[in-house]
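For reference, the structure discussed in these notes is given below.
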Amino acid sequence: MRRAGFGGSPAEVAAFAALSMDAAVDRLIHFPDTAQLEAGPQLTEDTPRKELRAMGLTTEQIKALGRAHFENAVALMEWWLGRMIATPAPLQEKMTLFWHGHFTSAYEGKGITAQDILTQNQLFRSFALGNIRKLTLAVSHDPAMLKYLDNRANRAQHPNENYARELMELYTLGIGNYTEQDVRESARAFTGYTLDADAQFVFNGRQHDDGAKTFLGQTGNFTGDDIVNIIFRQPAASQFFAKKLLEFYVYSEPEPQLVDLVAEQLKKNNFELMPVMSVLLRSNVFHSDRAYRALVKSPTEFVVGSYKLFSLPPAAVEQPVLGAMTRMGQRLFFPPNVKGWDGGASWINSGTLLTRENLASALCANPQMMQTATWLTQAGSLEPKTLSEHIVAQVLQGDISPASRAQLDAYLSGAGTAALAMLSGENFEERIRGAVYLAMATPAYQLA
């Protein structure tokens with residue numbers, strides 16, 4: 001559940017643990033209906049400043065309207081985090097997060113609006129376990145992407161290579177599997193892929209270079225869609241996506257033989273993700289010792305998993321949490337560059353780890369946690385070692401070092417604990433919340 005979603009409450013974990021492995025995987029990959037979840041936040045107008053000036057607005061009016069950008073950013077982040085917490089289809093949201101970090105677009109500059117970003121996010125969700133080639137075609141028509149990588153300004157007279165380059169370098173093939181000439185020819189094919197007056201995709205034939213192009217060894221009067229289809233016929237494409245999936249779901253630096261096996265699954269299934277993920281989540285390598293807790297949780301996984309652990313409602317996600325996520329290194333909808341977040345060990349340094357601990361402390365200091373996390377009062381005994389064992393089982397699934405376990409035992413065995421349990425439920429609750437915080441501060445809790 002940590003890998004195919006964001007973890008879960010002890011009750012959710014227990015429900016999955018009661019299933020066979022095959023039944024658990026089937027439940028994850030066959031999404032239940034999520035229509036009851038809010039499709040998106042309420043957005044306000046966030047017209048780019050250049051356009052506001054053209055409308056004759058004063059500087060003060062522009063500043064006032066510019067606040068809409070901040071308000072929309074907050075609304076988008078709170079909405080998506082809330083959806084990740086509440087969804088009955090965790091793998092759908094986890095794949096949406098995967099695509100968000102892969103086909104990157106940022107909600108800043110270039111005329112990208114909140115609606116563009118929301119539409120792109122919904123696109124990723126609709127293709128969560130769909131066909132990767134078809135998703136790539138859709139991304140090539142996506143308004144946020146057309147703006148972010150400047151393809152809406154790509155014309156036959158002045159070809160723009162930004163999208164053509166990143167499509168191969170970062171999105172589908174990887175460096176070394178194409179030439180600079182391929183970039184130039186691809187850029188020519190993508191000329192005319194632009195936006196209409198309503199900021200929707202349109203193919204403008206007058207701006208398109210309809211001459212012959214030679215791309216990856218093939219020649220023809222190609223359009224951008226032809227380029228995508230040619231790319232997905234290259235052996236490097238299946239290798240590229242196989243490695244990306246393994247690094248996101250299994251472990252970093254997967255063996256070449258393992259990459260080959262997943263690449264074969266991708267080719268065999270014509271880049272349909274559902275059957276490939278079905279195989280991957282059932283595989284011996286996924287359940288191997290090397291894969292277990294081998295990935296560092298992203299800030300998003302840390303936050304959503306913690307909220308699910310305590311069964312906190314999505315409405316509890318507020319701006320201080322978003323600020324903490326930024327300090328942890330991940331601000332949703334604002335990737336640091338076109339490559340996205342590096343992930344892995346880069347998520348952890350002295351500053352980001354301190355922010356994780358501070359957020360865990362803030363969550364545990366909230367008395368509401370004792371009402372929502374009912375499992376905290378179900379240890380069966382107030383004896384310190386029994387309480388410690390219960391907390392370790394629920395928060396860490398038993399994964400704790402002897403030194404950390406000794407620290408937890410000592411904390412719960414502190415002077416006066418038994419008396420506090422009998423005489424002051426409030427103080428005893430504080431002790432319990434403190435023990436949960438200590439469990440969340442362990443290395444194991446930072447790993448998925």
Which residues, counting only those in segment 231-242, are part of a helix (DSSP H, G or I) and buried (at least 19 other Cβ atoms within 10 Å of the Cβ)? I231, A237, S238, Q239, F240, F241, A242
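So how many residues does segment 237-271 have that are among the basic types (K, R) and over 17 Å from L173 (Cβ atoms)?
Just the residues of segment 237-271 that are among the basic types (K, R), to begin with: 243-244, 267-268.
Subsequent filtering for residues that are over 17 Å from L173 (Cβ atoms) retains 268.
The qualifying residues number 1.
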With the condition kept exactly as written, say whether any residue in segment 67-86 is touching a Ser or Thr at 6+ places or on another chain (Cβ under 7 Å), more than 23 Å from P320 (Cβ to Cβ) and surrounded by fewer than 21 Cβ atoms within 10 Å (Cβ to Cβ). no
Is one or more of the residues making up segment 136-144 farther than 20 Å from W99 by Cβ and surrounded by 15 or more Cβ atoms within 10 Å (Cβ to Cβ)? no
Looking at (1) of a type outside the set (F, W, Y); (2) farther than 15 Å from Y437 by Cβ; (3) modelled with pLDDT of 90 or more, which one does V395 not meet, given that it meets all the others? (2)
Subset of segment 208-244, residues over 28 Å from the mean Cα position of the chain (by Cα) and charged (D, E, K, R), comes to D209, D210, K213, D226
Looking only at segment 103-117, and only at residues there that are surrounded by fewer than 20 Cβ atoms within 10 Å (Cβ to Cβ) and not acidic (D, E), the one that is nearest to the chain's Cα centre (by Cα): A106
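Take K385 and decide whether it is basic (K, R), in contact with a Ser or Thr (Cβ under 9 Å, 6 or more places away or on another chain) and within 30 Å of Y249 (Cα to Cα). Steps first, answer last, please.
On the way: basic (K, R): yes; in contact with a Ser or Thr (Cβ under 9 Å, 6 or more places away or on another chain): yes; within 30 Å of Y249 (Cα to Cα): no.
The answer is no for K385.
How about segment 273-312: which of its residues are among the small types (G, A, S), modelled with pLDDT of 95 or more and surrounded by fewer than 20 Cβ atoms within 10 Å (Cβ to Cβ)? Let's see the steps before the verdict.
Narrowing segment 273-312 to residues among the small types (G, A, S): 278, 283, 288, 291, 294, 298, 305-306, 311.
Restricting the remaining residues to those that are modelled with pLDDT of 95 or more gives 278, 283, 288, 291, 294, 298, 305-306.
Correct list: S278, S283, S288, A291, A294.
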Residues satisfying the stated conditions in segment 249-264, i.e. surrounded by 19 or more Cβ atoms within 10 Å (Cβ to Cβ) and either closer than 23 Å to V139 by Cα or charged (D, E, K, R) (or both): Y249, A263
Members of segment 146-164 that are of a type in the set (S, T, Y) and in contact with a helix residue (DSSP H, G or I) (Cβ under 6 Å, 6 or more places away or on another chain): Y163
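The values are calculated or read from the model by the stated rules, or taken from the named source; none is laboratory data. Computed from a predicted structure; not experimentally measured. FYI the Cβ positions are ideal-geometry reconstructions off the backbone, even for glycines, and counts take in every protein chain you see.
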